[in-house]
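> Here you go, one structure.
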Amino acid sequence: MFVDEITIYAKAGRGGNGVVRWRHEKFVDKGGPAGGNGGRGGDVYMRAVRDMNLLARYTGSKDFKAEEGTAGDKSSRHGSAGEDCYIDVPVGARVTDISRQRVFTFDTEGEIHKILKGGSGGLGNEHFKTSVNRSPDKSTLGRAGESGDFLIELSLIVDVGIIGFPNAGKSTLLNALTKAKSRIGAYPFTTVEPHLGDLYGYTLADIPGLIEGASKGKGLGHKFLRHTQRTKMLLHCISLEEEDIVNAYETIRKELGAFDGGLLEKEEWVVLTKSDLVTPEVAEEKKALITKLHTHISTVSAVDDTSIKTLQDTLTAHLRQENI
């Protein structure tokens, strides 16, 4: 199961308590304060790793806690600091601290942010010794660490995003280009989560089908559109079965722009799919209509190895040339 959005709870460690202790020297009762301070509580960090399926592991256990500091001890010994807690998130994650309205982004592998601070340790009675109070009988408790709920949203960082209407042949194209095993069905919304495939070292993502109104949340709306934001280029699939192929193209473009105007600036190739289901004359007629709107057009069929191989080679050469 692919999980791209989850809310977790995290808590930094409480600081250990300070203590009241005394030096015990021969023939000297209460030979002076010797109570140590408590150790600080552990902090909570998030760390970016290359694992797109990582969030699925957190569905069963959503609570993360750093270790508490230990109490001070006799002979002026301070308590040990609590162990820090590290929460791994996928590269491309956007994390919102819900109560504090802070946002952390994780764009590169190994990137680390401290999200919660551990509580300070309490003070032992030795800390309160002064020239006028040489035997203080006082200590303080450790402070609680910060805590809160965090929304983790993953936006896939991939080389090529495959977009289009439901049942436009996106999954079939991904499988043909990369040997992935995305589920295929003869009905809309077969794909309900992004699927990934590898094309000679480049990552392609099948973005689940978009529909008119997706930018306003219709269907699964923003959940899917989010994954188009950090792709480096787009393959826009349009089925040649569409009666109004220009309207199909412009509808998806409109939804992309309404969600994020920057998506319209991304490089886009149009792939006309299911050419085996229409006559060659119809395919050429519809290709001509799209060519008026776009310069890079490919026509493919799931049963035509030649058209798939041509697209594989052309796309790979372009990615290498552009250093994508």
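Yes/no matrix, rows are residues, columns are (1) under 28 Å from Gly197 (Cβ atoms); (2) free of Cβ contacts under 8 Å to residues at least 40 places away in the same chain:
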| residue | (1), (2) |
| --- | --- |
| Thr7 | no, no |
| Lys26 | no, yes |
| Pro33 | no, no |
| Arg40 | no, no |
| Val49 | yes, no |
| Lys62 | no, no |
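> Looking at Asp305, is it under 15 Å from Leu235 (Cβ atoms), surrounded by fewer than 13 Cβ atoms within 10 Å (Cβ to Cβ) and not polar (S, T, N, Q)?
No, not satisfied.
> For segment 135-175, what are the residues that are among the polar types (S, T, N, Q) and not in a strand (DSSP E or B)?
Correct list: Ser135, Ser139, Thr140, Ser155, Asn167, Ser171, Thr172, Asn175.
> While we're on this one: Are there any pairs, at least 6 apart or on different chains, whose C-beta atoms fall under 9 Å, with the first in segment 112-135 and in contact (Cβ under 8 Å) with a residue 60 or more places away in the chain and small (Gly, Ala, Ser) and the second assigned to a strand (DSSP E or B) and surrounded by 12 or more Cβ atoms within 10 Å (Cβ to Cβ), and if so, which?
Sorted first by the residue in segment 112-135, then by its partner, the pairs are Gly118/Val44; Gly124/Pro33; Ser135/Trp22; Ser135/Pro33.
> If you take the residues in segment 17-46 that are charged (D, E, K, R) and out of contact with any Gly (no Cβ under 7 Å at 6 or more places or on another chain), which one is nearest to Leu154 (Cα to Cα)?
Among those that are charged (D, E, K, R) and out of contact with any Gly (no Cβ under 7 Å at 6 or more places or on another chain), it is Lys30.
> So Ala71 passes all but one of these: (1) part of a loop (DSSP other than H, G, I, E, B); (2) closer than 28 Å to Asp206 by Cα; (3) of a type outside the set (Asp, Glu). Which condition number does it fail?
It is condition (2) that Ala71 fails.
> Here's something else I'd like to know. Within segment 221-232, count every residue that is open to solvent by less than 10 Å² (accessible area, probe 1.4 Å) and not in a helix (DSSP H, G or I).
1
> Ok, one more. Taking segment 33-83 as the search range and keeping residues that are closer than 22 Å to Lys11 by Cβ, acidic (Asp, Glu) and within 22 Å of the chain's Cα centre (by Cα), which one is surrounded by the fewest Cβ atoms within 10 Å (Cβ to Cβ)?
Among those that are closer than 22 Å to Lys11 by Cβ, acidic (Asp, Glu) and within 22 Å of the chain's Cα centre (by Cα), it is Asp63.
> A further question follows. Could you tell me whether any residue of segment 107-115 is within 20 Å of Arg77 (Cα to Cα), in a loop (DSSP other than H, G, I, E, B) and of a type in the set (D, E, K, R)?
No, because not a single residue in segment 107-115 is within 20 Å of Arg77 (Cα to Cα), in a loop (DSSP other than H, G, I, E, B) and of a type in the set (D, E, K, R).
> While we're on this one: Please verify whether Leu319 is open to solvent by 10 Å² or more (accessible area, probe 1.4 Å), farther than 17 Å from Ala176 by Cα and of a type outside the set (D, E, K, R), treating the condition exactly as stated.
Answer is no for this residue.
> Looking at Ile163, Ile112, Ile157, Ile87, can you tell me which residue is aliphatic (A, V, I, L, M) and open to solvent by 70 Å² or more (accessible area, probe 1.4 Å)?
Ile112
> Mind listing whichever residues of segment 243-283 are open to solvent by 70 Å² or more (accessible area, probe 1.4 Å), within 17 Å of Gly169 (Cα to Cα) and assigned to a helix (DSSP H, G or I)?
Asp276, Leu277
> If you don't mind, there's one more thing I want to ask. Being open to solvent by 20 Å² or more (accessible area, probe 1.4 Å), under 19 Å from Arg226 (Cβ atoms), touching a Phe, Trp or Tyr at 6+ places or on another chain (Cβ under 8 Å) and basic (Lys, Arg) is the requirement here; does Arg94 meet it?
So Arg94 fits the description; yes.
> Quick one: is Leu235 outside any helix (DSSP H, G or I) and under 22 Å from Thr178 (Cβ atoms)?
Yes: the conditions hold for Leu235.
> Within segment 176-203, which residues are in a strand (DSSP E or B) and either modelled with pLDDT under 85 or closer than 19 Å to Lys274 by Cβ (or both)?
His195, Leu196
> Go through the residues of segment 133-140 one by one and say whether even a single one is more than 30 Å from Arg77 (Cα to Cα), surrounded by fewer than 17 Cβ atoms within 10 Å (Cβ to Cβ) and at pLDDT below 95.
No, every residue in segment 133-140 fails to be more than 30 Å from Arg77 (Cα to Cα), surrounded by fewer than 17 Cβ atoms within 10 Å (Cβ to Cβ) and at pLDDT below 95.
> Now for a different question. Could you count how many residues in segment 1-32 are open to solvent by less than 60 Å² (accessible area, probe 1.4 Å), under 21 Å from the mean Cα position of the chain (by Cα) and aliphatic (A, V, I, L, M)?
Number satisfying all stated conditions: 4.
The values are calculated or read from the model by the stated rules, or taken from the named source; none is laboratory data. The shown structure was predicted, so the numbers you read here are calculated from the model rather than taken from an experiment. When we count neighbours, we look across all protein chains shown, and the Cβ atoms used for this are built from the backbone with ideal geometry, even at glycine. Accessible surface is based on the protein model in full, side chains and every heavy atom, while ligands, DNA and RNA are left aside. Shrake-Rupley method; radii C 1.70, N 1.55, O 1.52, S 1.80 Å.
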